[in-house]
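Written out below as structure tokens is the structure these notes cover.
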Amino acid sequence: MNLPQLAQYSEGLGKMLGNGIELKRALYVAGECMVAGENRRFADQVSQALLTGEDLPTQAFSGVLPPFYLTVLECGLLTGRVPQALTAAAHYIRQVLPVRHTWRRCWRYALVAYLVCITITLAFGGRPSFVALSLLAGLFVLPRWIGTLAYGRDALLAKMPFVGTWIRQVALLEFFSCLEVCYDSTLPVPQMFRASINAVGNRFLRRDLLEAQAAVERGDSFADALAAVSFIPEGMIADVNANEICGKLELSFAGFARELRKLIEAKIEALKLLAAAFVISYGILVPLMIVLPVFLDFDKDLLLLYLAVVMGDLWVISTFNAAGGYMRKATAVNCWWEGLHTETKR
């Protein structure tokens, strides 16, 4: 789907509904920005669901939209808080989906590049190594059909330094943004937790959050339920506990979602720079290192050394710029995030 169009549609529709514009007119105006294809079909079916009160056809779009978007929209339909749900979905599209989309394209380019390398080396009598191909297949291709591998991949990514922290923060953003929409509505608390957990895309972290759902179903408080989740910082639990006593839990959920959006936005540019270096290295430079020595009448070792230096410089410059940009943007928000880990564990 065209993600910028989808974000514009969600945000525009949410604003119009929030300001009291008639539903039919708001749907018509927002749908004007959607071109033919998946976007138009999605807008038409959302319009039908809102106008007739039918269920959102989640199965029809489960392959092209993330769990969070569909889940938060369903929660908006169930609770009557559609404007808030659409606004949260638009924020998510603009901040999280582009990075995920970029990384997926990186893996595709890397896989295609390595297949090209294998084809070329086979054509010229070489012996290709299948180790990198196996790793790429294990991370990108096979998890599409094998659930165990998909869970293992998500667990590996969630435990990695920097990237793992970002994935945990994205999971918390998905969870608390959905709770912000669901809370203080007609939904029972267990159903509220179940819907919010379904919004988390990472399977490993989603399974960890099920501990909170089980605690809620036993009748525990919000704070005690969240304390059962290993990757939720103690500071968040303390804030939830205080606002729960005051009857202002929505302040916690809204505050967490707002600060997590800032933190994730600070990391987006860094991830984009690293993703660009990855694509250029394995989509362009590595195939050139194989093809050029065959067709150019030039010293092979010197050419390979030159391309290796270019690749090294590319990674050094990208890493330096990514780290510098991240530190400039994320200093204040990082203090907030790290401060959440200093509380005494409940």
Evaluate E = 1/(1 + (r/R0)^6) for residue 21 and residue 59, where r is the Cβ-Cβ distance and R0 equals 25 Å; express this FRET efficiency to the nearest 0.05. 0.25
With a point put 7 Å past each Cα toward its Cβ, work out how far residue 165 is from residue 334 in nm, to one decimal. 0.6 nm
Using Cβ contacts closer than 10 Å as the measure, can you line up 78, 205 from fewest to most? 78, 205
Taking the square root of 5 times each eigenvalue of the Cα gyration tensor, what semi-axes in Å does the equivalent ellipsoid of segment 236-346 have, largest first? 49, 12, 10
Kindly put 230, 318 in sequence by how many other C-beta atoms sit within 10 Å of each C-beta, fewest to most. 230, 318
Note the full-extension length gain between residue 262 and residue 207 as 0.36 nm times their separation in residues minus their Cα-Cα distance, in nm to one decimal. 17.2 nm
Taking just the alpha carbons, could you work out the radius of gyration and Dmax for segment 1-65, both in angstroms? 11.4, 33
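None of the figures in this text is laboratory data; all of them are computed from the coordinates on show. All figures in this text were calculated on a predicted structure; none of them were measured in a lab. Glycine gets a Cβ as well: all are built from the backbone with ideal geometry, and neighbour counts include every protein chain shown.
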